[in-house]
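One structure is given below, encoded as structure tokens.
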Amino acid sequence: MSEQNRYPSNADQAEQFLGALRFDDSAPEPDLPGPDTPVTVSKTVRIPFEVNESIEAEAKNRGVPFAVVFREWLTIGMAAATQDQSDDAPVSRAEVRRVLTLALSSLHPVQRSA
């Protein structure tokens, strides 16, 4: 094996590599996570390009990873979706804009100009 290629490329090199390994049974085993440790899962999702750009810009602005902002915005959106929708409940501007845009798009063209 050359210094440039540190991985074995044939059986002899593999045998030599494995023979040189040393195991330390005295090393402490890492602690397992406790029962209250949060569990995270990995998901692959498709999001609109503009949403991706917004999240990346926010992450860069804050100096945090993309996933931090993505999780935060997802959590905020879920909270808003499940929030009590009584008349005195606070509503986000984005939700108001979305509802108004939807309502205005359903109007007849003559009514939209008024």
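The values are calculated or read from the model by the stated rules, or taken from the named source; none is laboratory data. For clarity, every value in this text was computed on a predicted model and none was experimentally measured. All Cβ positions, glycine included, derive from the backbone under ideal geometry; neighbour counts span all protein chains shown. When the accessible area is computed, the model is the full protein with side chains, heavy atoms only, and any ligands, DNA or RNA have been set aside. Shrake-Rupley method; radii C 1.70, N 1.55, O 1.52, S 1.80 Å.
The table below lists the values:
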{"read-out": "D25 in a helix (DSSP H, G or I) and either open to solvent by 100 Å² or more (accessible area, probe 1.4 Å) or under 30 Å from V91 (Cβ atoms) (or both)", "value": "no"}
{"read-out": "Selection within the stretch 1-22 - assigned to a loop (DSSP other than H, G, I, E, B) and either open to solvent by 100 Å² or more (accessible area, probe 1.4 Å) or touching a residue at least 60 places away in the same chain (Cβ under 8 Å) (or both)", "value": "E3, Q4, R6, Y7, R22"}
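Yes/no per residue for (1) open to solvent by 70 Å² or more (accessible area, probe 1.4 Å); (2) modelled with pLDDT of 80 or more; (3) β-branched (V, I, T); (4) not in a loop (DSSP other than H, G, I, E, B):
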| residue | (1), (2), (3), (4) |
| --- | --- |
| T40 | yes, yes, yes, no |
| V45 | yes, yes, yes, no |
| E56 | yes, yes, no, yes |
| W73 | yes, yes, no, yes |
| I76 | yes, yes, yes, yes |
| V91 | yes, no, yes, no |
| Q111 | yes, no, no, yes |
